[in-house]
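All remarks here apply to the structure that follows.
The values are calculated or read from the model by the stated rules, or taken from the named source; none is laboratory data. Just so we're clear, the structure is a prediction, and the values are computed from it rather than from any experiment. When we count neighbours, we look across all protein chains shown, and the Cβ atoms used for this are built from the backbone with ideal geometry, even at glycine.
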Amino acid sequence: MSGVLEKALLLKPEIRLAQAVSEFEADLSTEQKATFRTLKSQSQSNTPDPSDVMRLTAEMDRSISIKYSSRCFGPRFTNFLQGVQQFAALGDVVVGGSQNLIACGVWSLVRMSLLSIISLSSYIDKLSSMFMAIGRAAPRYQAMALLYPRSKKLQSHLAEYFILVVKLCHYLFKYEQKSSVRQFTSSLNDTLLKTLQTDLDKWANSIKEEVNLNEAQENSRSRAFTMEIFKSSTLQRRHETKMRVLNFCSKFDHETAWKQIRKLGNSSFHTQSAEYQEWKTGSLPGTIIFTGKLGSGKSVLLANIVDDLNLTTGKDQSTVAYFFCKYDILGSLQTRTILGSLVRQLLSSIPDLGAIAKRYENSQGREFDIEELFEILFQGFTSRQKAYLVIDGLDECDFAQKEILIQAIQRIQETLKVWIYDNPDIEAFIETELGHCLSERKMTIGDPTLILEIQDALLNGSQGMFLWVALQIQTLCKMKTDYAMREALANLPRDLSETFSRILSDSGRSDPSLQAKVLQLVLAANRPLTTIELREALSVTPGDATWDPSRLLHNVYSALACCGCLLAVDEEEFTVRFIHHSVKQYIVGGLNGIMPARFTLRDAKKIMANIIVTYLNYGVFGTEISKTKVLPIMAQSAPSKILQATLDPSSSTRHLAMKFLKSRRQPTFDLSKMIAETLNSCHSESNSSFNFYEYANKNWLEYLNHVSGQDAAMFKLSSKLIHSRASAVNISDDDQWEFMIGACNCEN
C-alpha cells in the first residue's frame, strides 16, 4: 500500500488532478455519469463565465428557499465558485486539449456536488459558511490567464489546490448519496473538512505569492511582456485585449453590495406580478422604476430580481447587468462609476473586443469618460442583443449625479414606466422570521398562543416596512418573559425613528460615551471599517501619542453591542456598517421630525481626525516584532508586559496564557518556543500588527481640516504630522500654515 501511495506522490499534480476527477466519475451511478458527461460537454463547448456563477448560486437559492423560505445562502458560495470558473476558463484560453477537459470536469463536478448538498438541510448553514471561508482566499486573479502559461510553479499550485477541491466535493457528494438512516447515524467528518479547508488555504496562499511574484516580474518588463502577448496564441491575445478594454470601463467591485443585500432574504413579489413578467419577456418595453416606503424591502426585491433574470433568461439570449449604490461607499454614488460598471458587465458577454481596443490603444491605462463609454457600448453591444439593467439606490446619489445618470439611461432606453412598489410579501416574511426564531431558539415563549399575538401585532404595525418588522423581532427575542413581550406589543414604536431611538437608548445605557464613539467612527468613515480596524481606532485616546497595547479593546463586538442591532458586521468582509441608510439619516438629520440631538457629522469627522492624527504619531509603524530571532524566556522571569506587547488578545493569546499559567509549576520551562509558534499563528491571522494604519495613512490629509486645532495637544501632533509628511504629499510651507489655520478655525 505504501508503494502505491509513494508512486502517486511522484506523479505530476496535473495527472493526480485528472485521477481525482476520474475517481469522482467512477463513483457515480449510470444516470449520474450521463449527467456529468453532459455537463462536461456543455462546459467545453461553452466555457463557464461569471454569469454561470450567478446562475448557479441563483439555482441553489431557488432550491434552498423551498426548505428555508426567507433564508438565502447562495451568495456565500460566490467567491469560491468564481475561483473554479476562472480555472475552467483557463482551459479554454491557454491550455486546450486534455487539460481543457479536466478543467471543465472540475467545474462540472463542483456544480453537481453543490446542487446535491442542498438536500442536507441540517448542514446547509454550516457547509455554506465553510465554502464562504474557503472563498475568502480562493484564487481569483484577473491576470491568471496571462501568467498561467509562464509559470510552471503556478500551474502546479493550481492543480494541487483543485485536487483538494475535488476531494472535498467528492466527499460531500458521497455523503449526500447515503440514505437518511445512514446520514443520521454518521454525521459529517468535521476533522476531514477542517483539514481540507486548512490545506486549501495553504495552497491558496502559495498561489497568491506566485501570482504576486509573476506580476511584479511582468510589470518590470512590461514592454517585453506586451510583445510576448502578441506572439502568443490568438485566444490568449484576445483575452488580454478584452481585459484591457473592460478595465478601461471600470474596476469597481459591484458584486459585494449585491451579495450583502441578497443575503437579507428571498422575495416572491416579482414572480407573482403579471406586469413584471410582461416586462421580462419583452412584451412591455422600457424601464420599471420601483418606489416605496423607507425600509419596505425594495433593495432586497431588486437583488432577487437579479437572480430571477439570470435564471430565467438564457445565457446566449440576454445579458444581465446590475449596480447597487451604497450610501457608505462614496464611489458607488458617482455616475461615472455606475455607468462604467454597467458597460463593463454588458461588454463582458462579448468574446472579442479587439476593434474597440485598437481604436483606444493610446488611452495609456486611463478610464474612458462617459461619452467614450457610450461609444464603446454601442460599438460592442449591438441593438440586436437583449440586456437587462437593474439599478438600486439612485436616491442615495446627489441631484446632479442622479440627473446625469437618468439622462444616460434614457439614451439607452427611451421609454420609462413607473411601478409603485407595495410589497405584499411582508405577511410571509413575518411568518417565516418568527418560525426561524422559534426553531433556532432565538425566541422563547411560555404560552404557545403568544406567537399569534406577536404575528398580528407586527402585521398591523408594519405599514409595509420590513426593516421595522425585523427590528421589532430582534427586540422581542431579547425578552425573558411572556409578560415583557406582551408589554412590548402593547407599546410598539410607531415608526423607524422611534424604533431607532429606543434601541440606542436601551443599548447605550451601560456606556453612552463608547456608543457615541462607535457611531461617530462608523458615520465618519470614508468606507466601511473592518472590525479589526475599528478595534484599534476605538482604542486610541486623542492627544496621547504613546503606543500602549494594553489599551486595545479585548472584544470589539462588545463595543458594537452598545449600538444594539443598528450595526451589522458583514460575514465575508467583516466590515461594520449601519443596517440601513435610514439609521445614518436619523443620526445626522433625524427622521419624521424626530432629532436624536447626539452629534453632527462635523463632530464625527472631528473625532475621526483626532484619532487618525494621534494614531499616526505613535511612531511604531515598521517596528513590528521580528519572527526570526527568539531568545529564551524562563517562565518566572517573563514580565506580563512582554506578552501583552508581543501578542494580540486573540484565541492564540488565550491559549498561551493557559500554558503560561500552568508553567508556574515549572520555573525552568522555556516559553520562547511557545511564543514563537503563537507569533507565527498570529501573523497568519493578520498580515499587519497595526490594522488601522492603511486607512489612516491613506485618508489623513482629507481629515486634517477637521482636527481640534484649538486643543494644544492635537495642534502639536497635527503640526508634527504635517511637517513629517510635507515632502511626500507636496505640501509647501505656506500650505502647512493654511492647514493649521483651518484646523484652528474649526468648531470644537
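Things to note:
- Single residue of segment 564-580 satisfying the filter (crowded, with 18+ Cβ neighbours inside 10 Å and β-branched (Val, Ile, Thr)) that is nearest to Ser296 (Cα to Cα): Ile579
So that you can scan it fast, the table gives a plain yes or no per residue for (1) in contact with a helix residue (DSSP H, G or I) (Cβ under 8 Å, 6 or more places away or on another chain); (2) surrounded by fewer than 17 Cβ atoms within 10 Å (Cβ to Cβ):
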position: Phe500; (1), (2): yes, no
position: Gly508; (1), (2): yes, no
position: Leu519; (1), (2): yes, no
position: Leu529; (1), (2): yes, no
position: Thr541; (1), (2): yes, yes
position: Asp548; (1), (2): no, yes
position: His554; (1), (2): no, yes
position: Ser582; (1), (2): yes, no
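- Taking every residue in segment 499-525 that is closer than 22 Å to Gln472 by Cα and pairing it with any residue that is in a helix (DSSP H, G or I) and among the acidic types (Asp, Glu), at least 6 positions away or on another chain, yields no pair with a Cβ-Cβ distance below 8 Å.
- For Glu573, the test of being within 30 Å of Ile134 (Cβ to Cβ) and modelled with pLDDT under 90 is failed.
- Among the residues of segment 433-486, just one is under 20 Å from Leu301 (Cα atoms) and among the hydroxyl-bearing types (Ser, Thr, Tyr), namely Ser462.
- Residues that are touching a residue at least 24 places away in the same chain (Cβ under 8 Å) and either surrounded by 18 or more Cβ atoms within 10 Å (Cβ to Cβ) or of a type in the set (Asp, Glu) (or both) within segment 478-488 comprise Asp482, Met485, listed in sequence order.
- Filter result for the condition that a residue is closer than 21 Å to Ile587 by Cα and of a type in the set (Ser, Thr, Tyr), over Thr481, Thr449, Thr499: Thr499
- Only a single criterion out of (1) surrounded by fewer than 19 Cβ atoms within 10 Å (Cβ to Cβ); (2) under 27 Å from the mean Cα position of the chain (by Cα); (3) at pLDDT below 85 is not satisfied by Glu275, namely (2).
- The condition of being under 24 Å from the mean Cα position of the chain (by Cα) and not β-branched (Val, Ile, Thr) holds for only one of Leu521, Leu553, that being Leu521.
- Exclusive hit being in a helix (DSSP H, G or I), in contact (Cβ under 8 Å) with a residue 24 or more places away in the chain and touching a Lys or Arg at 6+ places or on another chain (Cβ under 9 Å), set Ala545, Ala604, Ala559, Ala609: Ala559
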